[in-house]
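Before any comments, here is the structure.
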Amino acid sequence: MPGNRMLHFRFEMLYFSKPKEAAMPKTIRSVVTFVALLVLICTLTSPAFAAPPARAQWTVMVYISGDNNLEDYVVLDIEQELAPTGSSASVQVVALADRGPGYDTSYGDWQTTKLFHVTPGMTAAPENAVADWGEKNLGDPQTLIDFVSWTKANYPADHYALYFWGHGWNWHPGYVMQDDTDGDTLDMEEMKAALPSLGFIDMVGYDGCNMASIEVQLLWHGYATAVAHSQEWVGMEGVQYDLVLA
């Protein structure tokens with residue numbers, strides 16, 4: 001997996017058989033014995049290699065662009081749809097959530113962009129975030145690249161799912177992820193340019209309106225196994241993540 005390669009080193013002891021008629025001189029035997037003991041002592045006193053991080057079967061990434069009139073649903077979806085199941089040994093759930101001013105003031109009205117490793121029963125309180133990225137523009141493709149790269153590095157899995165949570169408008173005018181604070185959207189050309197940096201994604205889901213088109217589908221050709229999206233307007237309840245994770 002790009003960016004998450006683990007190198008496994010195997011140390012082998014090589015034994016060379018000497019001719020039966022040639023006895024090893026005493027001095028050489030002493031040197032060999034000394035070296036062998038030195039290697040043994042170093043091995044016993046050296047710190048053990050750290051165990052590699054546990055690898056889940058799936059890591060589900062949710063890119064939540066709530067810096068707009070969908071802000072009311074950011075906390076709601078985290079707490080009522082992602083957290084009831086949350087992460088497990090086989091499935092890790094990670095969300096990057098951005099809020100904005102003017103709609104929801106819960107949990108101190110936090111408006112910065114926060115990373116949540118969603119655990120069962122977790123709330124969207126700021127102290128439960130594993131990282132605070134400050135004010136991030138989720139309409140910037142680099143933010144998407146940073147999120148996916150960070151998640152793959154910290155929560156490696158055999159398979160990855162990526163959901164885009166927010167406003168969408170297909171290929172033309174062509175955007176998804178509306179960020180009001182920065183006055184920006186993530187358009188399809190920007191997403192296309194970002195795909196090589198994301199690495200392979202097994203499952204892509206658009207939790208936004210009007211995203212199902214052949215153009216959007218072909219965008220992911222070679223970068224994903226499956227893409228789920230809607231041809232119509234998506235209701236405020238959006239994707240039922242609790243059923244996806246169940």
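The values are calculated or read from the model by the stated rules, or taken from the named source; none is laboratory data. All figures in this text were calculated on a predicted structure; none of them were measured in a lab. Cβ sites come from the backbone with ideal geometry, for glycine too, and all protein chains shown count toward neighbours.
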Among the numbered criteria (1) closer than 22 Å to E81 by Cβ; (2) surrounded by fewer than 19 Cβ atoms within 10 Å (Cβ to Cβ); (3) over 22 Å from the mean Cα position of the chain (by Cα), which single criterion is violated by A125? (3)
In the set T181, T151, the lone residue that is within 28 Å of W233 (Cβ to Cβ), among the hydroxyl-bearing types (S, T, Y) and touching a residue at least 40 places away in the same chain (Cβ under 8 Å) is T181
Mind listing whichever residues of the range 48-84 are at pLDDT 95 or above, touching a Pro at 6+ places or on another chain (Cβ under 9 Å) and either among the polar types (S, T, N, Q) or surrounded by fewer than 16 Cβ atoms within 10 Å (Cβ to Cβ) (or both)? T59, P84
Identify all residues within the range 93-122 that are within 21 Å of Y160 (Cα to Cα) and surrounded by fewer than 21 Cβ atoms within 10 Å (Cβ to Cβ); write none if there are none. L115, H117, T119, P120
Against the definition (surrounded by 16 or more Cβ atoms within 10 Å (Cβ to Cβ), over 15 Å from T59 (Cα atoms), touching a Pro at 6+ places or on another chain (Cβ under 8 Å) and not small (G, A, S)), how does M211 come out, yes or no? no
Return only the number of the condition from (1) without any contact (Cβ under 8 Å) to a residue 60 or more places away in the chain; (2) in contact with a strand residue (DSSP E or B) (Cβ under 9 Å, 6 or more places away or on another chain); (3) surrounded by 15 or more Cβ atoms within 10 Å (Cβ to Cβ) that S90 does not satisfy. (3)
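So which residues in the range 161-178 are closer than 17 Å to I64 by Cβ and not β-branched (V, I, T)?
The answer is A161, L162, Y163, F164, W165, G166, H167, G168, Y175, M177, Q178.
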Do we have Y107 as aromatic (F, W, Y) and more than 24 Å from V234 (Cα to Cα) here? yes
Of these, L115, L82, which one is without any contact (Cβ under 8 Å) to a residue 60 or more places away in the chain and among the aliphatic types (A, V, I, L, M)? L115
Sort out which residues of the range 55-79 are in contact with an Asp or Glu (Cβ under 8 Å, 6 or more places away or on another chain), part of a helix (DSSP H, G or I) and charged (D, E, K, R), and write them in order of number. D72
Conditions: (1) within 25 Å of R99 (Cα to Cα); (2) in a helix (DSSP H, G or I); (3) out of contact with any Ser or Thr (no Cβ under 7 Å at 6 or more places or on another chain). D242 meets all but one. Number of the miss? (3)
Can you pull out the residues in the range 214-226 that are surrounded by fewer than 21 Cβ atoms within 10 Å (Cβ to Cβ) and either within 20 Å of Q142 (Cα to Cα) or in contact with a His (Cβ under 6 Å, 6 or more places away or on another chain) (or both)? L219, W220, Y223, A224
